[in-house]
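A quick write-up on the structure given underneath.
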Amino acid sequence: MIDRRSLLTALGAATVTLGLPARSLAKPLPSGGTSRARVVVLGAGIAGLVAARELERQGATVTVLEARQRVGGRVWTVRGGDHFTDTEGVTQTVGFSPGLYQNAGAARLPSHHEGVLGLIRELGVPVEPLVNASRSAFLSDEHGTLRLREASYDLRGYLSQLLQEALRKGTFDVELDASTRQALAKFLAVYGDLGADGQFHGSPRAGLASPPGATPRDLQRAVAPRSLDDILAHPALPFILFDDDILMQATMLAPRGGMDAFPKALAAALRRPVVTGARVTAIRREGEGVRIEWRNAAGQPQATIADRAVITLPLPILAGIPSDFAAPTTAAIASARLADSVKVAFESAPFWEADQIYGGLSFVGGETGVIWYPSDRFQAPRQVLLAAYTATPAGAKAFAARPLDQQVALARAAVDKVHPGHGADLANPVVINWGKQPFSLGPWIEWGQDGNDPATLDRLNQGDGPFVFAGSHLSAYSGHWQEGAVLSARRAVSLLVPSLSHVR
Ligand SMILES: Cc1cc2nc3c(=O)[nH]c(=O)nc-3n(C[C@H](O)[C@H](O)[C@H](O)COP(=O)(O)OP(=O)(O)OC[C@H]3O[C@@H](n4cnc5c(N)ncnc54)[C@H](O)[C@@H]3O)c2cc1C
């Protein structure tokens, strides 16, 4: 059976065990500073870009060094013609038709991520709805395949019936007064769609055996209900609660045309352009300040001298860069272990729309986890289907260890299982193995798992002399959400602000 934690982590939901971030950091820091400090920011993911924006608002002169040829880090959108090479030297060229894309990393924004959404609004990045949950999609496991709406509403019907019976027989352990009993009975009848006899006989909420017709006689008929035992036998049943989670709302948001519109807009709004192709090779103290050594795209050594540095690099990458950090900082960085995650996407005609699915996810279990249906181009002749997004940490590791052609074959087979005959419709696969992406080496850190000690967070969030650390991995969001990167960046800059004011 899937526990709540697996449910949350299954799809990149957060490990929210470290306390919610302070509400005030969802808004920009007070601006108007007149500091003349020079600050170097390492990494142009969301944390680096937001830190640079906040520092510029303080008056600082900011240099952002980014190893990749693009900004955004784990916010990465792949389109036809893009090519990339993983750490094993395997190159993929994306074969999508023009206009199609897949968000390889971050893809969806919940409504309460006010830090990200505030910036998106401020920067004028157009957003569109993202349908994150559809009860027309499927729950599929070793016990069989059924629609999420059947699992949800049949279960609800039976539970309501059981509660009704207990009310009638007076077998509740708690005393309920007559008016509460009456009100509860009335509500349960509606909640479970019970018959006049208080029994559950099936509900059109679970699906229609025949749709309503043209004349009043052609009434809609509900699908026959499954038995309670049948529903309870599904190991994946808890996934009916997926969109009850605050982070996995049924309707979410996404920048139109790809998540990378957000980091691109952040970078475009900076006074000084991000230096891309700048791979940091050493992090040194120099006097009261810092000296950052890096290589440019041509491989030539460079150095940037600054008063302070904001460091947003993934910790296992940082661990491999020579530095002058204090010993406890070095030890904390070295202790961090990244998880893994894989996405496999294909271009296809939208055969799932014939199954009345528009957006949302089917939960398919196994190593491939889910099928995630697009919601950016409903009814367009070609769309991009995410056929696999590894669900559990163990599943992700096992899947990532397979050769690309096996990953593609397994993703295709998972689709074929739920949409028989359509595996063959899937074309132009692209596989994003996050554990093999240079300059990321993994999707996120699970604090409290894989030997990751949450005390590391405290240590790094204190900073170390002229160095402060930021990144979604240092927030309560554990690296799963851009909101963590925004909050962490603002927190890091707020740590720096008092010392910046001395540099005028
Ligand atoms: C598969 C997946 C799904 C996700 N889904 C969502 C989602 O739906 N919604 C959401 O909000 N978030 C999601 N996230 C999380 C979100 O993408 C991250 O939390 C966020 O983008 C992290 O930003 P960051 O700046 O902290 O780190 P990063 O984006 O990792 O930035 C670090 C930067 O440092 C650079 N760098 C590395 N080494 C060097 C070096 N030596 N020199 C210079 N630069 C270097 C990297 O290239 C990178 O640009 C997802 C992430 C993944 C991987």
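The values are calculated or read from the model by the stated rules, or taken from the named source; none is laboratory data. As the structure is a computational prediction, the values presented were derived from the model and not from experiment. Using ideal geometry, Cβ is built from the backbone for each residue, glycine included, and neighbour counts are taken over all protein chains shown. For accessibility, only protein heavy atoms count, side chains too; no ligands or nucleic acids. Shrake-Rupley method; radii C 1.70, N 1.55, O 1.52, S 1.80 Å.
Rolling a 1.4 Å probe over the heavy atoms of the protein chains gives the chain an accessible area of 42 Å² per residue. Just so you know, the Cα atoms of segment 346-450 work out to an Rg and Dmax of 14.4, 45 Å.
If R₀ is 56 angstrom, what is the calculated FRET efficiency for the pair Ala166 and Asp405, using the beta carbon separation as r and rounding to 0.05? Working shown, then result.
On the way: r = 55 Å, r/R0 = 0.98.
Efficiency, rounded to the nearest 0.05: 0.55.
Counting only DSSP H runs of at least 4 residues, each contributing -39500 (n - 2.57), and dividing by the residue count of the chain, the helix-based mean residue ellipticity at 222 nm comes to -8500 deg cm²/dmol. Taking label positions 7 Å along the Cα-Cβ direction at both Ala354 and Ala319, the computed distance is 4.9 nm, reported to one decimal.
Extension gain, Glu286 to Gln302: 0.36 nm times the residue separation minus the Cα-Cα distance gives 4.2 nm. Restricting the calculation to alpha carbons of the chain gives Rg and Dmax of 25.6, 87 angstrom. Sequentially through segment 75-89, phi angles give Karplus couplings (6.51, -1.76, 1.60; θ = phi - 60°) of 9, 9, 10, 9, 9, x, x, 5, 9, 8, 10, 8, 5, 9, x Hz, Gly and Pro residues having no value and appearing as x. For Ser323, nonlocal amide neighbours, meaning residues 5 or more places apart or on other chains whose placed amide H falls under 5 Å from its own, are Ile283. The modelled label-to-label distance for the pair Ser335/Ala394, using points 7 Å beyond Cα in the direction of Cβ, is 2.6 nm. Which FRET efficiency, nearest 0.05, do His83 and Asn461 yield, Cβ-Cβ r, R0 41 Å? For His83 and Asn461, the calculated efficiency is 0.65.
Segment 363-419 and segment 289-315 have Cα centres spaced 38 Å apart.
The H on the amide N of Phe469, modeled in the peptide plane, is under 5 Å from the matching H of Ile311, Gly463, each at least 5 residues off or on a different chain. Once all protein chains are placed together, Glu88 keeps about 120 Å² accessible to a 1.4 angstrom probe. As a rough guide to protection, the peptides 447-458, 376-387 ranked by mean Cβ packing within 10 Å, highest first, stand as 376-387, 447-458. Take the Cβ atoms of Ala224 and Gln379, set R0 to 35 Å, and the FRET efficiency comes out at 0.70.
When the convex hull of its Cα atoms is viewed from all sides, segment 296-400 shows a mean projected area of 11.3 nm².
What the phi angles of segment 96-109 give under the Karplus curve with 6.51, -1.76 and 1.60, with θ = phi - 60°, is a coupling list of 4, 5, x, x, 8, 8, 9, 6, 6, x, 4, 9, 9, 10 Hz, glycine and proline written as x.
The H on the amide N of Thr251, modeled in the peptide plane, is under 5 Å from the matching H of Asn132, each at least 5 residues off or on a different chain. Between Asp244 and Arg256, residue separation times 0.36 nm minus the direct Cα-Cα distance comes to 1.8 nm. Kindly work out what percent of the DSSP beta bridges joining two residues of the chain are antiparallel, to the nearest 5. For the chain, the DSSP antiparallel bridge percentage is about 75.
At a 1.4 Å probe radius, carbon and sulfur cover how many percent of the accessible area of the chain? For the chain, the apolar C and S fraction of the accessible surface comes to 55 percent. Residues in segment 300-312 carry Karplus couplings, in order, of 7, x, 9, 9, 10, 9, 8, 6, 9, 10, 10, 10, 10 Hz; the curve used is 6.51 cos²θ - 1.76 cosθ + 1.60 with θ = phi - 60°, and Gly or Pro positions show x.
If the limit is 31 Å between Cα atoms, which of Lys186/Lys417; Lys264/Lys343; Lys397/Lys417; Lys27/Lys264 go over it?
Working: Lys186/Lys417 41 Å; Lys264/Lys343 22 Å; Lys397/Lys417 22 Å; Lys27/Lys264 20 Å.
From Lys186/Lys417; Lys264/Lys343; Lys397/Lys417; Lys27/Lys264, over 31 Å: Lys186/Lys417.
Counting only heavy atoms of the protein chains and using a 1.4 Å probe, Leu460 has close to 0 Å² of accessible surface.
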